[in-house]
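**Student:** Have a look at the structure that comes next, please.
Quick note: the coordinates plus some simple rules give every number you see, no bench work behind them. Everything numeric here is computed off the predicted structure, so don't read it as measured data.
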Amino acid sequence: MLGLLGLLLVIWLVCIVLGVVIKGLFWLIVVGAVLFVATAVVGFVKREALGRGR
């Protein structure tokens, strides 16, 4: 599960970078940033729920 979340984080980072490189795709920056933060939060919550946060 955490491996999938890590993969999603990488995909969202790629979306953000593409949005920055291709200046006309501002929406891609926004969507990538929102999805990156959401995935990171879900991963953090799951990690804490499994007791692996320490």
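**Student:** Before anything else, pin down the relative contact order of the chain: Cα pairs under 8 Å, at least 6 apart, normalised by residue count, whole percent.
**Tutor:** It rounds to 36 percent for the chain.
**Student:** Using only helices, what value at 222 nm comes out for the chain when you add -39,500 (n - 2.57) per DSSP H run of length 4 or more and divide by the total residues, to the nearest 500 deg cm²/dmol? Numbers along the way, then the final one.
**Tutor:** Working: 2 runs with 44 residues, N = 54.
Using -39500 (n - 2.57) per qualifying helix, the result is -28500 deg cm²/dmol.
**Student:** Can you compute 3J(HN,Hα) from phi for each residue in segment 29-35, using the Karplus curve 6.51 cos²θ - 1.76 cosθ + 1.60 with θ = phi - 60°, rounded to whole Hz and x for Gly and Pro?
**Tutor:** So the J values, rounded to whole Hz, are 5, 5, 4, x, 5, 5, 5.
**Student:** Something else now. Of the listed values (i) -0.36, -1.28, -1.33; (ii) -0.51, -1.10, -1.17; (iii) -0.40, -1.01, -1.08, identify the label whose number matches log10 I(q)/I(0) by the Debye sum over Cα atoms at q = 0.14, 0.29, 0.31 Å⁻¹ calculated from this model.
**Tutor:** (iii)
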